[in-house]
Each structure stands twice: as C-alpha cells, then as structure tokens.
Amino acid sequence: MKSIETKVSRVIVGKIEPNEDLIDSIIKMVNKYDIKSGFINCIGALKKITIGYFDMESKKYLTKTVDEYVELVSCMGNISFRDGKPIIHLHASIGARDYSIIGGHLIQPSIVSITGEAYILEIDRKIERVNDPQFNLSLLAI
Amino acid sequence: MKSIETKVSRVIVGKIEPNEDLIDSIIKMVNKYDIKSGFINCIGALKKITIGYFDMESKKYLTKTVDEYVELVSCMGNISFRDGKPIIHLHASIGARDYSIIGGHLIQPSIVSITGEAYILEIDRKIERVNDPQFNLSLLAI
Amino acid sequence: MKSIETKVSRVIVGKIEPNEDLIDSIIKMVNKYDIKSGFINCIGALKKITIGYFDMESKKYLTKTVDEYVELVSCMGNISFRDGKPIIHLHASIGARDYSIIGGHLIQPSIVSITGEAYILEIDRKIERVNDPQFNLSLLAI
C-alpha cells in the first residue's frame with residue numbers, strides 16, 4: 001500500500017449535454033479549470049456506453065458497447081496525468097429498462113442521452129501515472 | 001458541457017433510522033443545516049426501494065418497487081433546488097440475498113430496514129434546476 | 001434521522017498493491033495518517049472478493065467469496081471507530097468477464113489483483129459505532 005496526504009481545493013460541478021462523450025467532457029473540465037487531480041462522482045443517462053473488463057492473460061481490455069438508453073447508476077473514479085495529459089479513470093454501472101445492471105471500466109465512446117451530472121473534487125497535488133509493464137497498464141505513481 | 005467552480009463548505013454525516021424514507025431524511029438534513037447544494041454518498045440496508053428507468057418515448061419514469069430486505073450497495077447523487085424546494089437526485093443499486101444487483105434512479109418510497117449512512121458534501125454555491133421541455137425533466141441550471 | 005455537521009480536513013489517496021487486502025490496506029492508511037473518520041471511494045481490480053448480505057432472521061451476514069479476476073466497479077463507504085479500533089464499512093459491486101455485476105457488504109478477504117485506487121475524505125470529527133442489540137450490528141453513534 002502506498003499513499004499520499006493532500007487537501008481538497010476546489011469542487012467543479014459539470015453538466016454534460018446530450019450527445020457529448022462523458023470522458024471527453026471531463027477532460028474539457030480538467031483543462032478549463034486546470035484541475036490538479038481529484039476524484040469524480042457522476043450520475044445521469046446515456047444513449048451509448050462502452051465498458052471494459054481487463055483480461056489478465058492477454059493484458060488487454062475486452063470491451064462491450066451498449067447502444068441503448070440506460071441510466072448511469074454509478075460512475076466513480078479519479079483524474080491523474082500521464083506524460084502531461086489527463087487520464088480519466090472511471091468505473092461505471094448502468095441500468096437497463098428492466099433495471100438489470102452491467103458494468104466495468106468506462107471506455108469511450110460513452111455518450112450522454114439526457115444529462116450527465118458530475119462532481120469533481122480537486123485535490124491540491126498532481127498525481128501522475130506510469131506504465132506498469134507487469135500489466136501493461138498506467139497505474140498511479142504514488 | 002457546462003460547469004461551475006466552487007468550494008466544499010461543510011460535511012453532514014447522517015444516520016437514517018429504520019422505517020425512515022431515504023429521500024425524506026436527506027431533505028430533512030438539507031433543511032436542518034440549510035445546505036446550499038452538494039453531493040451525496042450513501043450505503044445501508046433497505047426494506048423497500050423504488051427505482052426508475054426513464055423511458056424516452058413517453059418521457060416518464062417506469063418504476064419498480066422492491067419489497068425485500070436489500071443491501072444499498074451504491075447510492076450517489078446531488079442536492080439542488082427547484083422553485084425554492086430541495087431536489088434530491090440519487091441513483092442507486094441494491095443487492096439481494098443472492099448478491100444479484102438491480103438499480104436505477106431512486107424514487108420514493110425507499111425505506112430503511114437497519115440503517116442508512118449518508119455523507120453529504122456541501123458546496124458553497126446554490127445550484128438550481130429548471131424544467132427541460134425536451135425531456136420534461138428538471139435538469140441542472142448551470 | 002440523526003446527523004452531525006463537520007468539515008473536510010485531509011484527503012488521502014491510496015494505491016493498494018497486488019495481493020493486498022482492501023480493508024487491511026485502508027486500516028493501514030487510517031493508522032498511518034491518524035485519520036479521524038471519513039468517507040471512501042475506491043475502484044480497481046480484484047482477484048478475490050467476499051461480499052455479504054445481512055439476513056434479518058439469523059441477524060448474521062450470509063457471505064460469498066468470488067475467486068475470479070473482477071473489476072471493482074463501485075466501492076463506497078466510511079471510516080468510524082469502535083472500542084478505539086477503526087471500522088471500515090464498505091459496500092461494493094464487482095463486474096465479471098461478461099460485465100455482469102454482483103455486490104453487497106464488503107468482507108475480508110478481498111484481495112487486489114492489479115490495483116486499488118482509494119480516495120479517503122477525512123472529516124474533522126471522530127465518529128464512533130456502538131452495537132445495536134436489535135440487529136447485533138455496530139451502527140453509527142451519532
């Protein structure tokens with residue numbers, strides 16, 4: 001276990017509009033406000049969502065794109081940086097018309113149908129990611 | 001994408017008691033502390049829960065009420081205001097005895113069986129909702 | 001409904017390493033930083049997870065241990081204390097290779113496969129738990 005201690009600085013509340021991509025929109029917020037790093041909670045409704053499951057054998061994400069109107073039931077994760085670019089790491093679960101749920105690692109494209117309501121809690125410290133060759137994934141460099 | 005920048009002001013920790021409604025209880029906290037707006041995380045256990053799925057054709061929520069003891073596995077969302085009254089927008093997923101999960105938009109009645117443990121992060125800015133005629137829903141006015 | 005008002009003090013960002021237990025790692029963070037109390041959001045990937053469903057008849061948790069690589073899709077909850085020892089109360093949902101989700105109350109052992117990314121928001125007040133004989137569970141003493 002590794003850890004760092006920091007403080008909350010700002011809160012950004014975002015409204016993501018119909019046909020906008022969830023991750024692109026959060027990247028825009030990061031750039032607009034020059035967000036250092038932080039964590040994200042988001043709910044809303046989507047018309048398309050791509051979720052991933054990391055396959056330990058191939059060291060790649062298996063992905064599934066759902067082209068349906070769904071509720072974004074949970075979406076949480078964090079903002080960090082790799083090579084100067086923001087990495088938005090989110091996990092999401094979505095609810096269908098029959099209230100069943102599927103979920104995983106959030107991937108693009110994931111497109112808003114009605115609205116996305118995001119709360120970003122900025123922390124007062126920039127967190128970087130570096131590639132971990134064991135998994136071929138960018139993990140937190142703390 | 002629209003967005004605002006604000007700060008965290010207070011944190012309210014709430015314990016919702018058996019037979020209390022989750023949303024009513026959060027409204028009581030909003031009134032008791034005069035909470036400006038903010039976001040909510042809640043876990044607990046319920047004896048009844050009502051969840052909704054927004055149907056894009058009828059522009060209405062389809063709803064389902066579950067009368068079972070369930071774990072409140074995730075519950076996240078936010079506090080805003082419409083016409084001076086607090087709107088508690090939450091999405092929830094619940095876990096059954098066989099650990100299966102269903103979820104959606106949280107609707108009343110949703111009644112605590114054992115306890116509800118809510119963390120409210122208040123922000124230093126009042127957020128309003130206005131009706132969006134395209135969906136017949138109150139969306140964030142930011 | 002009972003409630004208290006407090007402030008955010010620090011944010012601890014933790015990276016939980018492969019083969020570490022999620023709850024043990026958060027307890028280590030609580031001890032390392034002398035965290036008063038607070039709430040937790042965590043995502044990541046696990047190789048083993050134990051989830052519980054509280055059975056109202058026996059007043060005990062039914063439990064299930066999953067020995068698979070899974071995405072930790074949502075994990076939220078809080079830190080409090082009982083008899084001076086930290087209690088990490090988390091509810092979690094996990095996503096399988098087919099993107100299906102199960103979930104419940106998080107129990108040990110729950111072991112990281114790749115990484116666990118935890119954000120802890122510390123509050124400026126120590127929250128205690130006491131046993132509620134009605135349920136034989138430690139509930140928030142607020």
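If you check C:GLU57, C:GLU122, C:GLU68 for being of a type outside the set (Ser, Thr, Tyr) and either under 24 Å from A:GLY38 (Cα atoms) or under 17 Å from the mean Cα position of the chain (by Cα) (or both), only one passes: C:GLU122.
Among the residues of region A:51-78, those that are in contact with a His (Cβ under 8 Å, 6 or more places away or on another chain) and closer than 19 Å to C:ILE114 by Cβ comprise A:ILE51, A:GLY52, A:TYR53, A:PHE54, A:TYR61, A:MET76, A:GLY77, A:ASN78. When C:TYR99 is tested against (1) out of contact with any Lys or Arg (no Cβ under 7 Å at 6 or more places or on another chain); (2) on the phi > 0 side of the Ramachandran plot, exactly one condition is not met: (1). Looking only at region A:3-29, filter to residues that are within 17 Å of the chain's Cα centre (by Cα) and among the β-branched types (Val, Ile, Thr); which one of those is farthest from C:CYS42 (Cα to Cα)? The qualifying residue farthest from C:CYS42 (Cα to Cα) is A:ILE16. Look through region B:126-139, keep the residues that are touching a Lys or Arg at 6+ places or on another chain (Cβ under 6 Å) and closer than 14 Å to B:GLY84 by Cα, and return whichever of them is most open to solvent (accessible area, probe 1.4 Å). Within region B:126-139, the match that is most open to solvent (accessible area, probe 1.4 Å) is B:LYS126. If you go through region C:71-92 and pick out every residue that is hydrophobic (A, V, I, L, M, F, W, C) and free of Cβ contacts under 8 Å to residues at least 40 places away in the same chain, you end up with 2. May I ask you to verify whether A:LYS85 is at the interface with chain C (Cβ under 8 Å from one of its Cβ atoms) and open to solvent by 60 Å² or more (accessible area, probe 1.4 Å)? So A:LYS85 fails the test. Right, C:GLU68: open to solvent by 10 Å² or more (accessible area, probe 1.4 Å), among the acidic types (Asp, Glu), more than 8 Å from chain A (Cβ to nearest Cβ) and within 27 Å of A:PHE54 (Cα to Cα) or not? It is true that C:GLU68 is open to solvent by 10 Å² or more (accessible area, probe 1.4 Å), among the acidic types (Asp, Glu), more than 8 Å from chain A (Cβ to nearest Cβ) and within 27 Å of A:PHE54 (Cα to Cα). Of C:ILE127, C:ILE102, all but one fail to be farther than 23 Å from C:LYS28 by Cα and over 14 Å from the mean Cα position of the chain (by Cα); the exception is C:ILE102. Entry remark, region B:93-140: residues being part of a loop (DSSP other than H, G, I, E, B), more than 9 Å from chain C (Cβ to nearest Cβ) and without any contact (Cβ under 8 Å) to a residue 24 or more places away in the chain number 2 in total. Counting only residues that are in contact (Cβ under 8 Å) with a residue 24 or more places away in the chain and at positive phi, region A:1-34 holds 1 of them.
The values are calculated or read from the model by the stated rules, or taken from the named source; none is laboratory data. These numbers were taken from a predicted model, which means no experiment stands behind them. All Cβ positions, glycine included, derive from the backbone under ideal geometry; neighbour counts span all protein chains shown. SASA here: full protein model, heavy atoms, side chains in, ligands and nucleic acids out. Shrake-Rupley method; radii C 1.70, N 1.55, O 1.52, S 1.80 Å.
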